[in-house]
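For reference, the structure discussed in these notes is given below.
Every number in this text was worked out from the coordinates using simple rules, so none of it is lab data. Just so it is clear, the model here is predicted, and its values are computed rather than measured. Don't worry about glycine lacking a Cβ; one is built from the backbone with ideal geometry, like all the others, and counts go over all protein chains shown.
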Amino acid sequence: MRLVLFFYHKKITVAGKDNIPKKGAVLFISNHPNALLDPLLVVTNNVRNIHFLTRASAFKNKIIAKFLLSIKLIPIYRKRDNVDTIKKNKTAFSKSVELMQEQKTIYIAAEGSHNVQRRVRELKKGFVYIILDTFKKYPEVNIQIVPIGLNYNSVENYPSSVSVYYGKPIDAKNYYHENNENTSINELLKVVRNSMKSLTTHIEDAASYDKTIAKLDKLGVDYLDPIKTNEIIENISDYDVDTEKTSVNKKKSLLYYLVVLNSIFPWILWRKLKKGIKEKEFISTFRFAIGGTLFPLFYTIQSIIVNCFFGFKISLIYFTCSILIGLLLTKTSKI
């Protein structure tokens with residue numbers, strides 16, 4: 001996965017990796033702008049072996065469910081699933097509590113759903129209940145919360161760049177009030193969200209969101225650097241810029257057409273598949289899946305054909321060139 005992510009993203013930057021506790025129970029809590037790529041970026045840039053709470057709809061197929069469970073995914077139900085979420089999630093929360101007692105780690109996208117907006121939405125209470133249930137059952141256990149900010153310069157377009165910011169660990173015990181559950185919940189939600197807001201681009205005022213984004217785009221801010229970008233947002237009213245959109249006709253490079261020609265069948269399949277994707281948060285996920293499977297498979301098949309006509313040496317050169325020009329396109333293209 002790390003290799004495919006390297007080929008897929010123009011640049012991946014990781015900051016604050018030394019904030020990850022090397023041992024003990026840890027909850028990693030992040031924002032959720034980009035569907036499957038969010039947890040993949042966390043797990044491939046982390047020293048800990050992570051379990052994931054994942055929406056239950058992904059487990060409908062029995063074969064897929066077995067695979068997902070084998071790679072440490074735990075199904076969690078949401079209200080939109082039209083089930084008794086309290087009853088259905090009892091197993092997931094019990095499993096999570098035991099993992100905390102065993103000094104393991106869990107990753108949760110605590111906003112509860114994905115959204116491309118550059119802001120940290122209100123967090124769901126699920127991760128807090130895991131903490132409270134653990135402290136009630138195992139009062140000797142301590143839990144560190146590591147907030148994460150995931151920052152993409154573009155969720156929809158290819159090739160995008162991304163930065164992963166790990167924040168300072170938050171000691172959950174400091175916000176646990178044994179006799180006042182509501183206070184514990186509110187304080188934990190607040191401190192975690194506030195920390196996440198400093199780790200990713202955050203536009204607090206939803207009403208002026210579009211106007212603020214238009215200004216930031218015109219200013220050419222680096223969305224991979226949330227600290228500097230948030231400083232600009234705090235003083236956004238001081239910037240007088242023309243936010244009128246101007247149409248830019250971006251020309252494709254010769255390299256782009258060379259890659260398309262060499263990958264014509266998986267490229268056509270991707271173009272057809274993309275038209276049916278209704279939620280833009282899933283565009284990168286499907287593109288990543290196609291790019292990491294069908295493209296190298298197609299190059300392999302073509303290399304076998306080349307081998308039949310021109311021999312192994314030429315087929316090996318062809319395969320190597322196919323991979324290299326694809327990598328070159330990713331690392332040199334502009335979105």
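Test of understanding: what is the full-extension gain from Leu294 to Leu3, defined as 0.36 nm times their sequence separation minus their Cα-Cα distance? Before the final figure, lay out the partial values.
On the way: separation 291, 0.36 × 291 = 104.76 nm, distance 1.52 nm.
Between Leu294 and Leu3, full extension yields an extra 103.2 nm.
Please go through the residue pairs Lys90/Lys190; Lys228/Lys331; Lys252/Lys331 and name each one whose alpha carbons sit more than 19 Å apart in this structure.
Values: Lys90/Lys190 25 Å; Lys228/Lys331 24 Å; Lys252/Lys331 15 Å.
Flagged as over cut-off: Lys90/Lys190; Lys228/Lys331.
How far apart, in nm, are the 7 Å Cα→Cβ label points at Asn174 and Ile236?
It works out to 3.0 nm between the two label points.
Order by neighbour count: Cys308, Cys321, fewest other Cβ atoms within 10 Å first, most last. Please report the intermediate quantities before stating the final value.
Values: Cys308 9, Cys321 13.
Least to most surrounded, the residues fall as Cys308, Cys321.
Identify which of Val42, Val26, Val241 has the largest mean-square fluctuation in a Gaussian network model of the chain, with springs joining Cα atoms closer than 10 Å.
Residue with maximal mean-square fluctuation among Val42, Val26, Val241: Val241.
Could you tell me how many cubic angstrom of Cα convex hull volume region 120-225 has per residue? Present the calculation step by step, with values, prior to reporting the outcome.
On the way: hull volume 12.5 nm³, N = 106.
Once divided by residue count, the hull of region 120-225 is 118 Å³.
Using just the alpha carbons, could you tell me how many Å³ per residue the convex hull of region 1-55 encloses?
Values: hull volume 5.6 nm³, N = 55.
For region 1-55, the hull spanned by Cα atoms encloses 103 Å³ per residue.
Roughly how many Å is it from the Cα centre of region 85-135 to that of region 299-335, as a whole number?
Each part reduced to its Cα centre gives a spacing of 44 Å.
Running a GNM on the chain with Cα contacts under 10 Å, which residue among Asn49, Asn180, Asn157 ends up with the highest mean-square fluctuation?
Its mean-square fluctuation being the largest, the pick is Asn180.
In the neighborhood of Phe286, defined by Cβ-to-Cβ distances under 15 Å, what is the net charge if each Lys or Arg adds +1 and each Asp or Glu adds -1? Before the final figure, lay out the partial values.
Working: positive: Arg271, Lys272, Lys274, Lys275, Lys278, Lys280, Arg287; negative: Asp38, Glu156, Glu279, Glu281.
It works out to a net charge of +3.
So what does log10 I(q)/I(0) come out to for the chain at q = 0.15 Å⁻¹, using the Debye formula with one equal point on every Cα and no solvent?
-1.31
Could you estimate the translational diffusion coefficient of region 2-197 from the Stokes-Einstein equation, with Rh from the Kirkwood formula over C-alpha pairs, at 37 °C and 0.692 mPa s, in whole µm²/s?
Using the Kirkwood radius from Cα pairs, D works out to 190 µm²/s.
Please tell me the relative contact order of the chain in percent, rounded to the nearest whole number, where contacts are Cα pairs under 8 Å and at least six residues apart.
Contact order relative to length: 22 percent.
With viscosity set to 1.567 mPa s and temperature to 4 °C, compute the Stokes-Einstein D of region 254-332, Rh being the Kirkwood radius across alpha carbon pairs; µm²/s, no decimals. Intermediate results must be reported in sequence, preceding the final value.
Numbers: Rh = 13.5 Å.
Taking Rh from Cα pairs, D becomes 96 µm²/s.
In a Gaussian network model over the chain where Cα atoms closer than 10 Å are linked, find which of Ser208, Ser96, Ser322 has the largest mean-square fluctuation.
Sorting by GNM fluctuation, first place goes to Ser208.
Report the FRET efficiency, 1/(1 + (r/R0)^6), for Ser57 and Ile264, where r is their Cβ-Cβ distance and R0 is 25 Å, rounded to 0.05. Working shown, then result.
Details: r = 34 Å, r/R0 = 1.34.
About 0.15, to the nearest 0.05.
Compute the distance in nm between two label points, each set 7 Å from the Cα along the Cα-to-Cβ direction, one at Lys125 and one at Lys95.
2.3 nm
Beta carbons within 10 angstrom, averaged per residue: use that to sort the peptides 328-334, 268-274, highest first.
Values: 328-334: 14.4, 268-274: 12.4.
In descending order of packing, they fall as 328-334, 268-274.
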